[in-house]
Amino acid sequence: MNARIVAARGLRGFADGITSVVLPSYLALVGFSAVHVGALATSALLGSALLTLGVGLAGSRFPPRAVLLAACALMIGTGLGFAGVASFPLLLLIAFVGTWNPTGGDVSVFLPTEQALLGRETDLRARTSLFARYSVAGTLLASLGALASGLPELAVTRFGVELPAALRAVFVVYALCGVALLALYLGLGREAAQPASRAPSAPLAHSRRVVFQLTALFSLDSFGGGFAVQTLLALWLFQRFALSLAEAGSFFFAAALVSAGAQLLSPRIAARFGLIETMVFTHIPANVLLIAAAFMPTAPLALGFLLARSALAQMDVPARQSYVMAVVPPEERAAAASVTNVPRSLASALSPLLAGALLEYSSFGWPLVVAGALKILYDLLLLRQFRAVPPREIA
């Protein structure tokens, strides 16, 4: 079962990786502005947050496999909708009710159910390693998706395909990835075909305080991160340095590869220094590099700082996911995964619109500066509040 979930995470990473880079180019091509791109990302994150919250709080009443299959149907509809609709109000609606993810990371309705299934691993170190493989699979396949974002331009030069049609075909690929996910989830074992046997009447009966504290902090991190989601970062590179779609895709491919390699080290570092320490002391340098990239005068320098940032920025992900699963009782993990991950959509929902407005006003990387500063504040608060709160397994 774990192998199928990790594979599914990778496939979703590919779909998110290619569409998060292609969409801003497509919207610019058909006449939409940076504010439109930001608004679309905001709509997607807000809708994803509300749906993810509902799944996390009520999903324990339904078999996990049924929840995941329903999400696949929504993903297929999202891809076909983006491919066939040109009206911006309708695109906003599709983004809101669908599964498109502009972040390049994993912010989706699939998340709480998958994490709850993976969280059934009882050994702390094994769980952290499992979450690392889960995260790395998404990052690696997202890198291939970003690299594949250059294929529409290749189709234009090699085969004479019109660029708008080539870009729309990417969203058909997104829908086909949803079909492939259906096959993966249908093969999940008996454990995923039954609702949680010990689902509490109150979703967070025993861990409400710690989960809400983490949620508040993750909200701050997510709000800051929303200023530099992959779609907006790609838009900044297009505007500031006139990168082509293929060049931007190649950069995001390299950045994701570096990030994936670094995430594999996360369980070892966490075993040595602790989960909270791993999260904070890799995250702060990453955000300093993000701020520095905004001030670079040339594309090679900016990309160099962003690439260095990629080596550290995601090392906290396996540690964070494992920590959340470790500080709550097993029967509350689906709700905890949802409530703590929803801010990665909800609190960041306003940020892309603000970032789009900043980029409309100036091509300078103000969104990167704001993102880095807010995320450093989050790191310091997390260290202060949770360094003394150990996982339940070792408490």
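At-a-glance table
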{"quantity": "Residues satisfying the stated conditions in region 359-379, i.e. free of Cβ contacts under 8 Å to residues at least 60 places away in the same chain and outside any loop (DSSP other than H, G, I, E, B)", "calculated": "TYR361"}
{"quantity": "Number of positions in region 267-280 that are over 14 Å from SER322 (Cα atoms) and either over 21 Å from the mean Cα position of the chain (by Cα) or not in a helix (DSSP H, G or I) (or both)", "calculated": "2"}
{"quantity": "Tally of residues being over 22 Å from LEU354 (Cα atoms) and surrounded by fewer than 22 Cβ atoms within 10 Å (Cβ to Cβ) across region 11-37", "calculated": "1"}
{"quantity": "Any pair with Cβ under 7 angstrom, 6 or more apart, that starts in region 267-288 at a residue that is on the phi > 0 side of the Ramachandran plot and in contact (Cβ under 8 Å) with a residue 40 or more places away in the chain and ends at one that is buried (at least 17 other Cβ atoms within 10 Å of the Cβ) and basic (Lys, Arg)", "calculated": "none"}
{"quantity": "Test: GLY138 is surrounded by fewer than 16 Cβ atoms within 10 Å (Cβ to Cβ) and small (Gly, Ala, Ser)", "calculated": "no"}
{"quantity": "LEU90 being more than 18 Å from VAL173 (Cβ to Cβ), surrounded by fewer than 24 Cβ atoms within 10 Å (Cβ to Cβ), touching a helix residue (DSSP H, G or I) at 6+ places or on another chain (Cβ under 6 Å) and at pLDDT 85 or above", "calculated": "no"}
{"quantity": "In region 333-358, the residues that are part of a helix (DSSP H, G or I) and modelled with pLDDT of 75 or more", "calculated": "ALA336, THR340, SER351, PRO352, LEU353, LEU354, ALA355, GLY356, ALA357, LEU358"}
{"quantity": "Matching entry among ARG4, ARG12 (being closer than 15 Å to VAL173 by Cα and of a type in the set (D, E, K, R))", "calculated": "ARG12"}
{"quantity": "Any hit, region 296-310, residues being within 30 Å of ALA15 (Cβ to Cβ), part of a helix (DSSP H, G or I) and either at pLDDT below 90 or among the charged types (D, E, K, R) (or both)", "calculated": "yes"}
{"quantity": "Evaluation of LEU237 against (1) at pLDDT 90 or above; (2) among the aliphatic types (A, V, I, L, M); (3) surrounded by fewer than 20 Cβ atoms within 10 Å (Cβ to Cβ) (one fails), failing number", "calculated": "(3)"}
{"quantity": "Considering residues of region 299-316 that are of a type in the set (A, V, I, L, M) and buried (at least 24 other Cβ atoms within 10 Å of the Cβ) only, the residue nearest to MET279 (Cα to Cα)", "calculated": "MET315"}
{"quantity": "Within region 39-66, tally of residues that are at pLDDT 75 or above and buried (at least 24 other Cβ atoms within 10 Å of the Cβ)", "calculated": "7"}
{"quantity": "Residue pairs meeting the criteria (Cβ under 7 Å; at least 6 apart or on separate chains; first in contact (Cβ under 8 Å) with a residue 40 or more places away in the chain and under 21 Å from GLY77 (Cβ atoms), in region 159-172; second of a type in the set (Ser, Thr, Tyr) and surrounded by 14 or more Cβ atoms within 10 Å (Cβ to Cβ))", "calculated": "LEU167/SER25; LEU167/TYR26; VAL170/THR19; PHE171/THR19"}
{"quantity": "Failed item, numbered, when ALA28 is tested on (1) in a helix (DSSP H, G or I); (2) at pLDDT 85 or above; (3) not acidic (Asp, Glu)", "calculated": "(2)"}
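The values are calculated or read from the model by the stated rules, or taken from the named source; none is laboratory data. A quick note: this is a predicted structure, and the numbers were derived from the prediction, not measured. No Cβ is skipped: glycine too gets one built from the backbone with ideal geometry, and neighbour counts run over all protein chains shown.
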